[in-house]
1. With θ taken as phi - 60° and the coefficients 6.51, -1.76 and 1.60, list the Karplus ³J(HN,Hα) couplings across the stretch 140-154 in order, rounded to whole Hz; mark glycine and proline as x.
2. Tell me the relative contact order for the chain as a rounded percent, counting alpha carbon contacts under 8 Å between residues six or more apart.
3. With r as the distance between the Cβ atoms of S91 and S139 and R0 = 35 Å, compute the FRET efficiency 1/(1 + (r/R0)^6) and round to 0.05.
4. Looking at the chain, identify the longest residue range that excludes and avoids all trypsin sites (Lys or Arg not before Pro) in DSSP loops having at most 10 other Cβ atoms within 10 Å.
5. Assuming 0.36 nm per residue, please report the length gained on full extension of the stretch E119 to E264 beyond their Cα-Cα distance.
6. Which whole-Hz couplings ³J(HN,Hα) result when phi for each residue of the stretch 176-188 is put into the Karplus expression 6.51 cos²θ - 1.76 cosθ + 1.60, θ = phi - 60°, listed in order with x for Gly and Pro?
7. About its Cα centre, what dipole magnitude does the stretch 6-101 give when the only charges are +1 on Lys and Arg Cβ and -1 on Asp and Glu Cβ, stated in debye to the nearest 20?
8. Taking a ≥ b ≥ c as the square roots of the Cα gyration tensor eigenvalues, with a/c under 1.5 meaning rounded and otherwise prolate when a/b beats b/c, else oblate, which class fits the chain?
Amino acid sequence: MSDIDTQALTRWLGDRLPGEAGLSLERIGGGQSNPTWFVDFGSARLVLRKKPGGPILKGAHAIEREFRVLTALAGTDIPVPTVRWLEEDDSILGTPFYVMDRLEGRVFDTASIEGVSSEDRREMYLDYARTLARLHAVSPDAVGLGDFGKPGKYFQRQIDRWSRQYAGSDGPRIPALDRLTEWLPANLPDEDGAVSIAHGDFRIGNLMYHPTEPKVIAVLDWELATLGHPLADLGYAVMPWRTAPEEYGGILGTDWADAGIPTEAEFIAEYMALAQPAGELRPSHVAFALFRFAVIFVGIADRVRAGSSNSDNAASLGPLAKQFADRALEAAGLDGMET
């Protein structure tokens with residue numbers, strides 16, 4: 001379902017915002033998962049995020065979990081939008097949805113962060129690292145998220161999950177992904193007992209920056225959030241240095257240093273300066289992160305074939321599965337193998 005029943009939404013909002021009237025909607029592009037709209041209702045400036053229509057994988061598009069983690073993090077030093085209402089009755093708009101306040105800021109499509117000074121670009125990257133560290137320092141129990149995921153054996157469970165999702169795809173096999181599903185279980189990152197709130201998709205495109213200042217004012221898109229190992233998020237966050245611009249907007253092969261972007265090592269050091277003891281980021285952490293993103297692209301390609309994609313550019317993203325699988329092999333030190 002790509003359209004909104006405006007009459008139903010007007011009635012629903014009218015019950016919650018008496019005295020307001022006049023609905024306008026604007027679909028927000030760029031997302032590959034839960035359809036999202038800017039919603040103006042009278043003087044209220046809101047964002048509506050909902051599950052897509054059609055068949056979906058069990059546990060996917062979990063907006064209820066998004067709503068829960070955003071609610072839990074309100075009042076912490078993690079910048080998140082203020083959520084208002086969760087509607088689980090799918091008779092209203094066809095699928096469950098939630099509504100949050102709209103923030104004014106800047107969201108960048110690519111990790112190159114165009115249109116800012118080199119000084120600001122450097123600070124924006126460092127605040128990217130600091131924001132992730134602050135998230136991982138939040139105690140899940142302290143904010144009511146102690147049961148938000150299963151503790152222990154995080155990497156094993158995640159690798160099993162994403163391997164099963166890849167195996168269940170009806171698309172063509174990707175030799176590099178086949179190789180990774182064998183290599184990763186045999187080279188699991190250390191399970192040292194560290195547990196944090198893991199965002200699951202922590203990247204530049206899911207951050208909102210202040211309208212004029214180089215600081216993060218909101219972390220967006222919590223669909224994949226769970227309890228997990230902090231180094232899984234960190235391995236994912238260094239993806240810009242490992243991928244090219246045509247590979248979902250990375251910086252590999254560009255003049256990123258001249259543009260003010262810190263090195264990967266500087267980014268990691270900034271994170272480690274604030275993080276709880278998290279151990280050392282290893283190649284297996286980065287390989288796992290790239291492998292997982294490759295399988296996400298497999299899922300996008302599957303939705304394109306099924307005609308249920310929620311993004312106009314989804315068809316161009318499906319081929320990235322092989323490219324990200326190749327990058328994962330490089331991170332694992334296996335790039336010399338035949339793929």
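1. For the stretch 140-154, the Karplus-derived couplings read x, 4, 5, 10, x, 10, x, 10, 6, x, 8, x, x, 6, 4 Hz, x marking Gly and Pro.
2. Details: 580 pairs, mean separation 64.6, N = 339.
In percent, rounded to a whole number, it is 19.
3. Given R0 = 35 Å and the Cβ-Cβ separation, E is 0.40.
4. On the way: sites that count: K58, R173.
Segment 174-339 is the longest.
5. Working: separation 145, 0.36 × 145 = 52.20 nm, distance 1.67 nm.
So the chain would gain 50.5 nm between E119 and E264.
6. 5, 5, 4, 5, 5, 5, 8, 6, 4, x, 8, 9, 4
7. Values: 11 positive and 12 negative charges, 44 e Å.
Approximately 220 debye in magnitude.
8. Details: a/c = 1.55, a/b = 1.33, b/c = 1.17.
Cα axes put the chain in the prolate bin.
Bear in mind these aren't lab numbers, they're just calculated from the coordinates by the rules spelled out. Predicted model, so just to flag it, every value in this text is computed and none were measured. Neighbour counts run over all protein chains shown; Cβ positions are idealised from the backbone, glycine included.
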